[in-house]
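Structure record follows, encoded as structure tokens.
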Amino acid sequence: MAQHLQTQHQHEFLPLCDVLFNIISLASYFCDVVFDFAMIYALAQHSIAPPILFPLSVMLIATSLIISQIISVRWYLWVPEVN
């Protein structure tokens, strides 16, 4: 009986952990993108930075975001749903 209650508590705890990990993951992803753009904006405002650095940085960050989203969508479509 005690093992059944322990298993039941674990099953109730897992969805909460899943939601918390998803929130933390989204927050860290958002902060990463915001700080990347803040850094390239600061570089663009700096007088000694070469002019090519800003568009190159924007292109690299945008490429990284697009590739990340493509991989996420493919992963979402490829992984079968577990019941």
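Scanning the stretch 51-83 for residues that are more than 20 Å from L26 (Cβ to Cβ) and loosely packed, with under 10 Cβ neighbours inside 10 Å turns up P51, I52, W78, P80, E81, V82, N83.
Looking at this structure, is I23 within 12 Å of the chain's Cα centre (by Cα) and in a helix (DSSP H, G or I)? Yes: the conditions hold for I23. Going residue by residue through the stretch 29-40, is there one that turns out to be open to solvent by less than 90 Å² (accessible area, probe 1.4 Å) and not in a helix (DSSP H, G or I)? The answer is no, given that none of the residues of the stretch 29-40 is open to solvent by less than 90 Å² (accessible area, probe 1.4 Å) and not in a helix (DSSP H, G or I).
The values are calculated or read from the model by the stated rules, or taken from the named source; none is laboratory data. Please read all numbers here as calculations on a predicted model, not as lab measurements. We place every Cβ from the backbone using ideal geometry, glycine too, and count neighbours over all the protein chains shown. The area values use the complete protein model at the heavy-atom level, side chains included, leaving out ligands, DNA and RNA. Shrake-Rupley method; radii C 1.70, N 1.55, O 1.52, S 1.80 Å.
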